[in-house]
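Engineer: Just passing along the structure, written as structure tokens.
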Amino acid sequence: MCGIVGYLGDKNTKEILLSGLKELEYRGYDSAGIAVLQDGEFSIYKAVGKLVNLEEKTKEFITDKFAVGIGHTRWATHGKPTELNAHPHLGESSYVVHNGIIENYAELKQKLQEDGVKFLSQTDTEVIVHQFEKNLLACEDGFKAFSKTISELEGAYATLIVTASLPDTIFFAKHGSPMLVGVNDEDEKFFASSDSPLIGLAKEVNYFEDGDYGYVTKDELVIYNKNAEKTKPNFSQLSTDKLSAQKDGYRFFMEKEIYEQSDVIADTLIGRLSDEEIVFDEIDKNLFDGINEIKLCACGTSYHSALSASYMFERYSKIRCSVEIASEFRYRSPIMAKDTLFVVISQSGETADTLETLKMAKRANLKTLVICNVDNSSMVREADACILTRAGIEKGVASTKAFATQVTVFWMLSLYVAKLRDSLTTDELKYQIHLLRETPVATKVSDEIHEKIKRLSKRYLHGHGFFFIGRDIFFPLALEGALKLKEISYLHAEGYPSGEMKHGPIALADPELFTIALLPEHLLYEKSKNNVEELSARDSTICAISAKEFDKADDFIKINPCKDYMLEFFEMMIVVQLLSLEISIRLGNDVDMPRNLAKSVTVE
Ligand code: AGP
């Protein structure tokens, strides 16, 4: 996710902006830039890659007097990670930084281009500064021009604008993406996407609400709310610990990332859903020309999202789909048919085994696609096409939000292919898109469920193992739940198809064998219930997860009633993630950096 910083004052503006961006590095980025207005002159610096590249470019740049400045770390959504696409973006004599997605940027851009405006970048952000300057020319009042501009934007934004005609002012607006402003007794003003950059600089901060907009000068902080009413800042004190600030108050990054899933799924959907079809600007429809099979290849959690995808491709797209574990696939003598689209899935885009299979597919002249969370990674550069999951940087070694956004992208892709192959009716497509729009709600963590899981986790700190069981698309979710538990609690767990337990594993059933049973109401419920009753009859300790009351379980975690099994999938995903988190915390493990594991396995 992008990061924003802003500063107004007479300290070292460059250093304040760069160190602020450094504090936001954890949000993930692939380019960065700053713009400073000092003595009526703008200085602009941008760099692709890590912040050290930007620091190198600015090392001769001195800021030792009053200035206004804005800075940005960009996580590419529209347009590749290049210097041209890096923020801040320039109009004629104004600069803008922005976090979020302007959904109506295409129509704004077209009108501006018709007025003769030349665009330099492929980003949605650039329309903001050109629209502002168009309004400024018309009304010759900075704040009126800014207010009009904000009223014309649709989508999510946290944005800052500086303009040469008002060298002592920074305009701000917030809607859907976080931003706050900090003040102190030296009349300095600070902006950031989250509070860690302001620690040690600002005395108190105001977290903007959706719809807030306004401006700061040396003497003023002027805020208007979504009803265009002038409001007083709601100041609060800043925490003093930067690392806990990056965790935004959660105990671990993994916990924070579980709670972020609703927002990052919403980000993943932005710009890709219309009422009747899925839109992927980033791929050509001809990618699927001549394709009769989709082969998915990945490792670990990404393999589990691929397995989930296979059910959707065959059910919705009516296309043959096979799934491979990369470390196995690369040493077999696999048949690589030309009518197969080879898809690799990776959070990091650097996993050695998966990357090698991608190269194998390329050598066999197959069309290739990567589903990835890190733009400009090795797999993104290697594949013919790429769809980004927009989960933002995932710091917890145990993957959560990357998995959630991978499944979301696959759900959309299966519908995209269904449209191409005419395998779903328009009404069926509309229904699925309606469900997709409800997914961010389904992944909001319920305090009640989290508290329940915290309490019952104390019963699962021992035993001779866990089975996570599920049928159909809930089998890959069972595998994922088992992997989460293994990774961070170091307790043994297996994911298993519910219907397979009677073919051997049920021999393990006794009170010390814990079965986490996924019981979706809308998919094979009775079959799954029978499997659980077989285990319960043999005294296995059962924890059932369902929207329907189930009295044969020793523990029961009730999820919200859903209208479809896909929403049940995401609700149950939250539960199995939280269960592994709370067990691990009770065992005193390092949840974010479990023993023996790395966030990206770049070796064989
Ligand atoms: C997931 O919780 C694990 N950290 C691990 O299985 C991971 O999914 C696997 O190493 C693949 O990583 P990738 O998605 O970056 O390719």
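No value in this document is a laboratory result; all are computed from the given coordinates. If you're wondering where the values come from, they're calculated on a predicted model, not measured in any experiment. FYI the Cβ positions are ideal-geometry reconstructions off the backbone, even for glycines, and counts take in every protein chain you see.
Engineer: Taking R0 as 51 Å, what FRET efficiency do you get between D554 and V52 from their Cβ-Cβ distance, rounded to the nearest 0.05?
Structural biologist: E(calc), rounded to 0.05, equals 0.40.
Engineer: Still on this structure: Efficiency by 1/(1 + (r/R0)^6): what FRET value for L597 and R320, r their Cβ-Cβ distance, R0 = 30 Å, to the nearest 0.05?
Structural biologist: The value I calculate is 0.30.
Engineer: Further question: Taking the DSSP beta bridges in the chain as the whole, what percent of them are antiparallel, to the nearest 5?
Structural biologist: Expressed as a percentage, antiparallel bridges in the chain total about 60.
Engineer: For the chain, what relative contact order do you get, as a whole percent, if you take Cα pairs closer than 8 Å and at least 6 residues apart?
Structural biologist: Relative CO of the chain lands at 11 percent.
Engineer: Let me ask you something else. Using 7 Å Cα-to-Cβ label points, what is the H503/K11 separation (nm, one decimal)?
Structural biologist: My value for the distance between the label points is 6.5 nm.
Engineer: Please arrange T231, T13, T169 by counting, for each residue, the other beta carbons lying within 10 Å of its beta carbon, fewest first.
Structural biologist: So the residues, fewest neighbours to most, are T231, T169, T13.
Engineer: Once you have a ≥ b ≥ c as the square roots of the Cα gyration tensor eigenvalues for segment 294-387, tell me rounded if a/c is under 1.5, and otherwise prolate or oblate according to whether a/b is larger than b/c.
Structural biologist: Verdict is rounded for segment 294-387.
Engineer: What is the helix-to-structure angle for 105-114, meaning the angle in degrees between its Cα long axis and the longest Cα principal axis of the chain, kept from 0 to 90 and rounded to the nearest 10?
Structural biologist: Tilt relative to the chain: about 40 degrees.
Engineer: So, R0 is 60 Å and r is the distance between the beta-carbons of N184 and H464; what FRET efficiency does that work out to, to 0.05?
Structural biologist: 0.55
Engineer: Sort I44, I278 by Cβ crowding within 10 Å, fewest neighbours at the top.
Structural biologist: Listing I44, I278 from fewest to most nearby Cβ atoms yields I44, I278.
Engineer: Note the angle between two axes, namely the Cα long axis of helix 142-151 and the longest principal axis of the Cα atoms of the chain, as a number of degrees from 0 to 90, rounded to the nearest 10.
Structural biologist: 20 degrees
Engineer: How high is the relative contact order of segment 1-88, given as a whole-number percent (alpha carbon pairs under 8 Å, six or more residues apart)?
Structural biologist: 41 percent
Engineer: Just to confirm a number: summing +1 for Lys and Arg and -1 for Asp and Glu over residues other than T217 whose beta-carbon lies under 11 angstrom from that of T217, what do you get?
Structural biologist: -2
Engineer: At 0.36 nm per residue, minus the direct Cα-Cα distance, what do L273 and R586 gain on full extension? Give it in nm, one decimal, please.
Structural biologist: Contour length minus the Cα-Cα distance gives 108.6 nm.
Engineer: Oh, and also: What value does the chain have for Rg/Rh, both radii from Cα atoms and Rh as Kirkwood defines it?
Structural biologist: 1.00
Engineer: Using square roots of five times the C-alpha gyration tensor eigenvalues, list the equivalent-ellipsoid semi-axes of segment 55-131 in whole Å, biggest first.
Structural biologist: 25, 15, 11
Engineer: Expressed in nm to one decimal, what extension gain is obtained for the pair E114 and R332 from 0.36 nm per residue of sequence separation less their Cα-Cα distance?
Structural biologist: Result: 72.9 nm gained on full extension.
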